[in-house]
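Report on the following structure.
The values are calculated or read from the model by the stated rules, or taken from the named source; none is laboratory data. Remember, it's a predicted structure, so these values are computed and weren't measured experimentally. Note: ideal-geometry Cβ built from the backbone for every residue, glycine included; neighbour counts use all protein chains shown.
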Amino acid sequence: MGKPARELDVSEITKAVRRMCISANYNVPNGSIQALKKALETEESGVGREVLARILENHRIAREECLAACQDTGVAMVFVEAGQDVRFAGGELYDAINEGVRQGYRDGYLRKSVVTDPLFERVNTGDNTPAFIYVDIVPGRDVKITVAAKGGGAENMSGLRMLTPAAGVEGIKQFVVEQVAKAGPNPCPPVVVGVGIGGTFDRVAVLAKKALLRSVGSHNSHPMYAKLEAELLEEINKLGIGPQGFGGRTTALGVNIEFAPCHIASLPVSVNLNCHVGPHESVIL
Amino acid sequence: MARRINTPLSDDAIKTLKAGDNVLISGVIYTARDAAHKRLVALIEKGEELPMEIRGQVIYYVGPCPAKPGMAIGSAGPTTSGRMDPYAPILMENGLKGMIGKGRRSDSVRNAMVKWNAVYFAAIGGAGALLSKCVKAAELVAYEDLGPEAIRRLTVEDFPVVVVNDADGNDLYEQGVKEYRIK
């Protein structure tokens, strides 16, 4: 007989989600701030430097005055890593998460950006629910919750391609760089590029999104993928798009890759972009 | 050095604006996104009156955050302009002179700017907190049911933008990439 399950009241999850929805939108992650400061030193374009300075000023104002750094406070993406020895008590997990989103977007004066039906009605749900929830069961007795506010502008520039294995590293590079070039000024560069490689059609998209949860400046723990991240960043910054697309050297602040096993016939690749704000935050309960 | 201009924009003022110019806008501008544009264009097509005068005016593509108590508006940066491309030419035909947003415009919008002597400005995407400081007043004009997508009349002071497309057909995005692209 193992230890009895740890009981976690879902009201704790509501509280944590509420707090992180607000905090993530006010406080741009430190990795992005450091990368922006570095870019300000190296950017060759005068207009580009001016844009970067204004962006840093924006992020300071947002943090100090408790304002959303970007008006697109996104859809609430909530990633739960639930230890298998935890039992959720006091209500339903998904309800508790949605209640946290509802409270956070209301109390934080955040924009509500979710419509009911995508095609015919498109009525704003008014409270930014439903959240987009992914739950993974992991070993242990902890629950890790990550909230990412995903804006529409950068999200609309995402792409996915089912390559064949023969395409290899060159095929991956070509697709990723092409995707960023195609996006141009639209996703508010400098951007952070999330790349998924492997898995299946559905899985590879989630990989790219999860890659964006890693802080800017971090590297994949696999050395070959870390090297590919660096090479892609260099290629992307040759595009000349620059801050806000006005021309310059800083098109991306970072490239994060996540990978997974895949079918012998496949080489799926996906790109999901974040702007320089890229709000996300985690907590372990 | 940034130039200061006031709204509404005259035809002569438009002619002096060139792609790449830094501009500080003061005066009244109107907010509208996809859903509001769809309704405005439907009104024009039916020959009905619009909820606001658009002749000489500037539309800002923005869906702001709610205002905190004591503030005019919440975070208020630009949204992607391309989504308004299907609607923009008919508004210019009816007198719209300026658009503020971010990201590329379609060929038909760029041609319409040349034809109707209009201009497209970019504000910094992801700088909504900073930009909200330039908004001194916000007032609901129409379509409250659209929530953040309602049309609002904003009074702005020294609102910082860059000219992307001028009435001569120049495009800052194309010029910028050409200058800095390696290989």
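No other residue among A:229, A:234 is under 24 Å from residue A:244 (Cβ atoms) and touching a Gly at 6+ places or on another chain (Cβ under 9 Å) apart from A:229. Could you check, for the range B:144-153, whether at least one of its residues is at pLDDT 95 or above, in a loop (DSSP other than H, G, I, E, B) and basic (Lys, Arg)? No, the range B:144-153 contains no residue that is at pLDDT 95 or above, in a loop (DSSP other than H, G, I, E, B) and basic (Lys, Arg). Within the range B:51-67, how many residues are away from every other protein chain (no Cβ under 14 Å) and closer than 13 Å to residue B:150 by Cα? Residues flagged as away from every other protein chain (no Cβ under 14 Å) and closer than 13 Å to residue B:150 by Cα within the range B:51-67 amount to 3.
A quick yes/no check of all residues on (1) without any contact (Cβ under 8 Å) to a residue 24 or more places away in the chain; (2) within 14 Å of chain B (Cβ to nearest Cβ):
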{"site": "A:177", "(1), (2)": "no, yes"}
{"site": "A:183", "(1), (2)": "no, yes"}
{"site": "A:188", "(1), (2)": "no, yes"}
{"site": "A:192", "(1), (2)": "no, yes"}
{"site": "A:201", "(1), (2)": "no, no"}
{"site": "A:215", "(1), (2)": "no, no"}
{"site": "A:221", "(1), (2)": "yes, no"}
{"site": "A:234", "(1), (2)": "yes, yes"}
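Residue-by-condition table, conditions (1) in a helix (DSSP H, G or I); (2) within 14 Å of chain A (Cβ to nearest Cβ); (3) within 30 Å of residue A:59 (Cα to Cα):
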{"residue": "B:105", "(1), (2), (3)": "no, yes, yes"}
{"residue": "B:114", "(1), (2), (3)": "yes, no, no"}
{"residue": "B:121", "(1), (2), (3)": "no, yes, yes"}
{"residue": "B:125", "(1), (2), (3)": "no, yes, yes"}
{"residue": "B:138", "(1), (2), (3)": "no, yes, yes"}
{"residue": "B:156", "(1), (2), (3)": "no, no, yes"}
{"residue": "B:160", "(1), (2), (3)": "no, yes, yes"}
{"residue": "B:163", "(1), (2), (3)": "no, yes, yes"}
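Among the residues of the range A:105-124, is there at least one that is within 23 Å of the chain's Cα centre (by Cα), surrounded by fewer than 18 Cβ atoms within 10 Å (Cβ to Cβ) and part of a helix (DSSP H, G or I)? Yes, some residue in the range A:105-124 is within 23 Å of the chain's Cα centre (by Cα), surrounded by fewer than 18 Cβ atoms within 10 Å (Cβ to Cβ) and part of a helix (DSSP H, G or I). The single condition among (1) modelled with pLDDT of 95 or more; (2) farther than 22 Å from residue B:143 by Cβ; (3) in contact with a helix residue (DSSP H, G or I) (Cβ under 9 Å, 6 or more places away or on another chain) that residue B:3 does not meet is (1).
Of all residues being more than 10 Å from chain A (Cβ to nearest Cβ) and surrounded by fewer than 19 Cβ atoms within 10 Å (Cβ to Cβ) in the range B:144-154, which is nearest to residue B:5 (Cα to Cα)? Just the residue, please. Please lay out each step first, then the result.
Of the range B:144-154, the ones more than 10 Å from chain A (Cβ to nearest Cβ) are B:144, B:150-154.
Still in the running and surrounded by fewer than 19 Cβ atoms within 10 Å (Cβ to Cβ): B:144, B:153.
Numbers: B:144: 30, B:153: 18 Å.
The selected residue is B:153.
How about the range B:126-144: which of its residues are in contact (Cβ under 8 Å) with a residue 60 or more places away in the chain and either among the charged types (D, E, K, R) or closer than 15 Å to residue A:276 by Cβ (or both)? Answer for the range B:126-144, where residues must be in contact (Cβ under 8 Å) with a residue 60 or more places away in the chain and either among the charged types (D, E, K, R) or closer than 15 Å to residue A:276 by Cβ (or both): B:128, B:136. The set of residues from the range A:55-64 being surrounded by fewer than 18 Cβ atoms within 10 Å (Cβ to Cβ) and either facing chain B (nearest Cβ under 7 Å) or among the small types (Gly, Ala, Ser) (or both) comprises just one member, A:57.
The set of residues from the range A:29-48 being surrounded by fewer than 20 Cβ atoms within 10 Å (Cβ to Cβ), out of contact with any Lys or Arg (no Cβ under 8 Å at 6 or more places or on another chain) and at pLDDT 95 or above comprises A:33, A:34, A:37, A:38, A:41.
Would you mind finding the one in A:54, A:60, A:19 that is closer than 24 Å to residue A:92 by Cβ, of a type outside the set (A, V, I, L, M) and part of a helix (DSSP H, G or I)? Working first, answer last.
Working: A:54 fails: closer than 24 Å to residue A:92 by Cβ; A:60 fails: closer than 24 Å to residue A:92 by Cβ.
None of the other options fit; the residue is A:19.
All conditions but one from (1) touching a Leu at 6+ places or on another chain (Cβ under 9 Å); (2) crowded, with 24+ Cβ neighbours inside 10 Å apply to residue B:55; the one that does not is (2). The criterion of at least 1 residues that are aliphatic (A, V, I, L, M) and surrounded by 21 or more Cβ atoms within 10 Å (Cβ to Cβ) is met, among strands (runs of 3 or more DSSP E) falling completely within the range A:139-205, by A:143-150, A:191-199. Yes or no: the range A:140-154 includes at least one residue that is facing another protein chain (nearest Cβ under 10 Å) and among the aliphatic types (A, V, I, L, M). Yes: the range A:140-154 contains one or more residues that are facing another protein chain (nearest Cβ under 10 Å) and among the aliphatic types (A, V, I, L, M).
Counting only residues that are part of a loop (DSSP other than H, G, I, E, B), farther than 16 Å from residue B:41 by Cβ and of a type in the set (D, E, K, R), the range B:65-103 holds 2 of them.
Residue check: residue A:211 meets all listed conditions (1) more than 14 Å from chain B (Cβ to nearest Cβ); (2) without any contact (Cβ under 8 Å) to a residue 60 or more places away in the chain; (3) out of contact with any helix residue (DSSP H, G or I) (no Cβ under 8 Å at 6 or more places or on another chain) but one, namely (2). Number of residues in the range B:68-86 that are more than 7 Å from every other protein chain (Cβ to nearest Cβ) and either within 12 Å of the chain's Cα centre (by Cα) or surrounded by fewer than 21 Cβ atoms within 10 Å (Cβ to Cβ) (or both) equals 10. A count restricted to the range B:1-29 and to residues that are part of a strand (DSSP E or B) and either touching a residue at least 60 places away in the same chain (Cβ under 8 Å) or among the aromatic types (Phe, Trp, Tyr) (or both) stands at 9. Using the structure shown, decide if residue A:31 is within 14 Å of another protein chain (Cβ to nearest Cβ), assigned to a helix (DSSP H, G or I) and either under 28 Å from residue A:219 (Cβ atoms) or in contact with a Cys (Cβ under 9 Å, 6 or more places away or on another chain) (or both). No, not satisfied.
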